[in-house]
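Trainee: Could you have a look at this structure, given as structure tokens, before my questions?
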Amino acid sequence: MRDQLLDDVVLSSRVRLARNYRDIPFPSMMNDVWAAETIRRTCDAASTFPDASSYAFVRLSDLSPIQRQEMVEQHVISRDLLRSADLAAVLLGKDNKVSIMVNEEDHIRLQVLLPGTDVEQAAKIAREVDDGLETQVTYAFDDQLGYLTACPTNTGSGMRASQMLHLPALTILRQMGAVGQAVDKLGLTIRGLYGEGSEAFGNLYQVSNQVTLGRTEEELVQAIREVGSQLADMERKARRTLLEKDRLTLEDRLMRSVGVLMYARRIGDKEFMQRWSDVRLASSLNLVDMDGSTLDSLLYRAQSAGIARRAGKELTAPERDQLRAEYVRAALCGKH
């Protein structure tokens with residue numbers, strides 16, 4: 001059951017499973033023939049699912065660069081999948097909650113992404129899909145090590161569980177360094193919006209496990225859930241501290257951002273992310289009456305590739321920034 005209490009901090013929960021076929025070289029070593037065979041096997045296995053008709057097959061080479069980037073912006077596929085776009089494909093389940101990425105760093109990266117805090121449900125769905133695949137194919141597996149993966153940190157269960165958290169108050173109070181150190185001691189890590197190597201645009205952070213070897217899937221999921229809950233509590237405490245310390249300064253900052261998103265005629269992507277973060281915080285503090293789900297949807301739909309795709313053409317930066325401002329204004333006024 002989704003925990004509504006944490007939705008002011010935790011945007012989403014995700015589980016990824018890394019899998020490889022026993023008799024096919026890892027993606028970094030395989031050729032076009034092996035890549036095509038990996039896609040064929042995965043599609044054939046997925047065709048046996050009870051809900052197979054709900055999956056859409058997408059070959060990345062058939063998409064435009066804008067379409068590919070939009071899928072990354074919406075977290076439907078990973079940035080790593082774009083590195084092998086000519087050989088990669090993805091099977092997308094209903095509502096894009098399940099993504100079976102083929103020929104990423106591993107032969108298969110199975111992802112389940114759900115809104116809110118329910119990482120346990122994401123893990124349950126991932127296991128069910130994985131079990132369905134494994135009845136049809138043979139994975140690379142070692143009795144002592146577990147599932148064999150391209151990166152040693154994924155060997156074992158092959159699971160990466162994570163939650164996306166909005167932590168503006170901890171960021172404003174410059175506590176994220178200490179938070180990162182504390183999380184690291186627990187065998188977890190905090191990264192930016194798009195995972196490893198990315199920045200925390202919009203004060204959004206992913207907390208995930210660093211390694212999988214020696215820990216069961218249940219232990220990994222529990223660790224993410226517990227740490228996510230603790231970080232949410234810390235963030236709420238930090239928000240109260242900001243209000244008690246200088247409420248007027250905080251409200252002035254947040255409401256200025258509300259005004260920008262409501263009335264700006266041009267807004268860049270980085271400014272949008274920061275203003276969005278301020279407005280979401282204002283909504284969480286009941287300073288403005290804005291629907292949280294609308295704001296969270298806006299986060300992904302107002303990214304650069306999404307704007308360009310809806311425009312149906314390549315855009316200059318000024319054109320994109322103008323269309324983003326128009327879209328944001330319409331969305332916040334209830335026209336989208």
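The values are calculated or read from the model by the stated rules, or taken from the named source; none is laboratory data. Note that the structure is a prediction, hence the values are computed from the model and not measured. Please note: Cβ atoms are built from the backbone with ideal geometry, for glycine as well, and neighbour counts cover all protein chains shown. Protein only, heavy atoms only, side chains kept; ligands, DNA and RNA dropped before computing areas. Shrake-Rupley method; radii C 1.70, N 1.55, O 1.52, S 1.80 Å.
Trainee: Whether any residue in segment 263-271 is of a type in the set (Val, Ile, Thr), open to solvent by less than 80 Å² (accessible area, probe 1.4 Å) and more than 16 Å from Arg324 (Cβ to Cβ) is what I want to check.
Mentor: Going through segment 263-271, the residues of a type in the set (Val, Ile, Thr) turn out to be 267.
Filter once more, so that each one left must be open to solvent by less than 80 Å² (accessible area, probe 1.4 Å): 267.
Retained after the next criterion (residues that are more than 16 Å from Arg324 (Cβ to Cβ)): none.
Scanning segment 263-271, I find no residue that is of a type in the set (Val, Ile, Thr), open to solvent by less than 80 Å² (accessible area, probe 1.4 Å) and more than 16 Å from Arg324 (Cβ to Cβ), so the answer is no.
Trainee: Now for a different question. Check segment 120-130 and report whether any residue there is in contact with a helix residue (DSSP H, G or I) (Cβ under 8 Å, 6 or more places away or on another chain), of a type in the set (S, T, N, Q) and open to solvent by 10 Å² or more (accessible area, probe 1.4 Å).
Mentor: Let us first name the residues in segment 120-130 that are in contact with a helix residue (DSSP H, G or I) (Cβ under 8 Å, 6 or more places away or on another chain), namely 120, 123, 127.
From the residues that got through so far, the ones that are of a type in the set (S, T, N, Q) too are none.
Scanning segment 120-130 turns up no residue that is in contact with a helix residue (DSSP H, G or I) (Cβ under 8 Å, 6 or more places away or on another chain), of a type in the set (S, T, N, Q) and open to solvent by 10 Å² or more (accessible area, probe 1.4 Å).
Trainee: Shifting gears a bit: Only one of Val279, Val328, Val260, Val288 is farther than 19 Å from Ser64 by Cβ and outside any helix (DSSP H, G or I). Can you tell me which? Show your work before the answer.
Mentor: Values: Val279 fails: outside any helix (DSSP H, G or I); Val328 fails: outside any helix (DSSP H, G or I); Val260 fails: outside any helix (DSSP H, G or I).
When all the criteria are applied, what remains is Val288.
Trainee: Still on this structure, I have one more. Looking at (1) touching a Leu at 6+ places or on another chain (Cβ under 7 Å); (2) assigned to a strand (DSSP E or B); (3) closer than 27 Å to Leu295 by Cβ, find the lone condition where Leu113 falls short.
Mentor: Result: Leu113 fails condition (1) only.
Trainee: Which residues, taken from segment 238-274, are under 25 Å from Val179 (Cβ atoms), basic (Lys, Arg) and in contact (Cβ under 8 Å) with a residue 60 or more places away in the chain?
Mentor: Scanning segment 238-274 gives Arg239, Lys270.
Trainee: Kindly indicate whether Tyr147 is in contact with a Gly (Cβ under 6 Å, 6 or more places away or on another chain), under 24 Å from Ala36 (Cβ atoms) and in contact (Cβ under 8 Å) with a residue 24 or more places away in the chain.
Mentor: Numbers: in contact with a Gly (Cβ under 6 Å, 6 or more places away or on another chain): yes; under 24 Å from Ala36 (Cβ atoms): yes; in contact (Cβ under 8 Å) with a residue 24 or more places away in the chain: yes.
Criteria met by Tyr147.
Trainee: Give just the number: which of (1) within 16 Å of the chain's Cα centre (by Cα); (2) open to solvent by less than 20 Å² (accessible area, probe 1.4 Å) does Asn103 not satisfy?
Mentor: Failed condition: (1).
Trainee: Same structure again: Test Leu113 against the stated conditions and say whether it is closer than 30 Å to Leu285 by Cα, touching a helix residue (DSSP H, G or I) at 6+ places or on another chain (Cβ under 8 Å) and either touching a residue at least 24 places away in the same chain (Cβ under 8 Å) or surrounded by 19 or more Cβ atoms within 10 Å (Cβ to Cβ) (or both).
Mentor: On the way: closer than 30 Å to Leu285 by Cα: yes; touching a helix residue (DSSP H, G or I) at 6+ places or on another chain (Cβ under 8 Å): yes; either touching a residue at least 24 places away in the same chain (Cβ under 8 Å) or surrounded by 19 or more Cβ atoms within 10 Å (Cβ to Cβ) (or both): yes.
In short, yes.
Trainee: Can you tell me how many residues within segment 71-90 are open to solvent by less than 50 Å² (accessible area, probe 1.4 Å), modelled with pLDDT of 90 or more and either closer than 27 Å to Leu295 by Cα or among the hydroxyl-bearing types (Ser, Thr, Tyr) (or both)?
Mentor: Residues flagged as open to solvent by less than 50 Å² (accessible area, probe 1.4 Å), modelled with pLDDT of 90 or more and either closer than 27 Å to Leu295 by Cα or among the hydroxyl-bearing types (Ser, Thr, Tyr) (or both) within segment 71-90 amount to 7.
Trainee: Which numbered condition trips up Pro27, out of (1) open to solvent by less than 80 Å² (accessible area, probe 1.4 Å); (2) closer than 28 Å to Arg225 by Cβ; (3) at pLDDT below 95; (4) not basic (Lys, Arg)?
Mentor: (2)
Trainee: Related question: Go through segment 221-272 and give me each residue that's in contact with a strand residue (DSSP E or B) (Cβ under 7 Å, 6 or more places away or on another chain) and of a type in the set (Val, Ile, Thr).
Mentor: The answer is Val221, Ile224, Val227.
Trainee: Just one of (1) open to solvent by 10 Å² or more (accessible area, probe 1.4 Å); (2) under 30 Å from Arg275 (Cα atoms); (3) part of a strand (DSSP E or B) trips up Thr171, so point out which.
Mentor: Condition (3) is where Thr171 drops out.
Trainee: Continuing with the same structure: I'm trying to understand the selection: among the residues of segment 311-325, which are part of a helix (DSSP H, G or I) and free of Cβ contacts under 8 Å to residues at least 12 places away in the same chain? Before the answer, list the steps.
Mentor: Just the residues of segment 311-325 that are part of a helix (DSSP H, G or I), to begin with: 311, 317-325.
Within segment 311-325, just Glu319 meets the criteria.
Trainee: Any residue in segment 216-228 that is among the aliphatic types (A, V, I, L, M), touching a helix residue (DSSP H, G or I) at 6+ places or on another chain (Cβ under 9 Å) and open to solvent by 30 Å² or more (accessible area, probe 1.4 Å)? Can you show your working first?
Mentor: Residues of segment 216-228 that are among the aliphatic types (A, V, I, L, M), as a first pass: 220-221, 223-224, 227.
Add one more test, that the residue is touching a helix residue (DSSP H, G or I) at 6+ places or on another chain (Cβ under 9 Å), and what stays is 220-221, 224, 227.
With the extra rule that they be open to solvent by 30 Å² or more (accessible area, probe 1.4 Å), the set shrinks to none.
No, segment 216-228 contains no residue that is among the aliphatic types (A, V, I, L, M), touching a helix residue (DSSP H, G or I) at 6+ places or on another chain (Cβ under 9 Å) and open to solvent by 30 Å² or more (accessible area, probe 1.4 Å).
Trainee: Is there a residue being of a type in the set (S, T, N, Q), open to solvent by less than 60 Å² (accessible area, probe 1.4 Å) and within 22 Å of Gly192 (Cβ to Cβ) anywhere in segment 45-68?
Mentor: Let us first name the residues in segment 45-68 that are of a type in the set (S, T, N, Q), namely 47-48, 53-54, 61, 64, 67.
With the extra rule that they be open to solvent by less than 60 Å² (accessible area, probe 1.4 Å), the set shrinks to 54, 61, 64.
Filter again for within 22 Å of Gly192 (Cβ to Cβ), leaving none.
Checked segment 45-68: no residue is of a type in the set (S, T, N, Q), open to solvent by less than 60 Å² (accessible area, probe 1.4 Å) and within 22 Å of Gly192 (Cβ to Cβ).
Trainee: Of everything in segment 320-335, what is open to solvent by less than 70 Å² (accessible area, probe 1.4 Å) and not aromatic (Phe, Trp, Tyr)? Give them in sequence order.
Mentor: Pass one, segment 320-335, residues open to solvent by less than 70 Å² (accessible area, probe 1.4 Å): 320-321, 323-325, 327-332, 334.
Within segment 320-335, Arg320, Asp321, Leu323, Arg324, Ala325, Val328, Arg329, Ala330, Ala331, Leu332, Gly334 meet the criteria.
Trainee: Working only within segment 67-103, note down all residues that are within 15 Å of Arg14 (Cβ to Cβ) and part of a loop (DSSP other than H, G, I, E, B).
Mentor: The answer is Gln74, His75, Val76, Ile77, Ser78, Gly93, Lys97.
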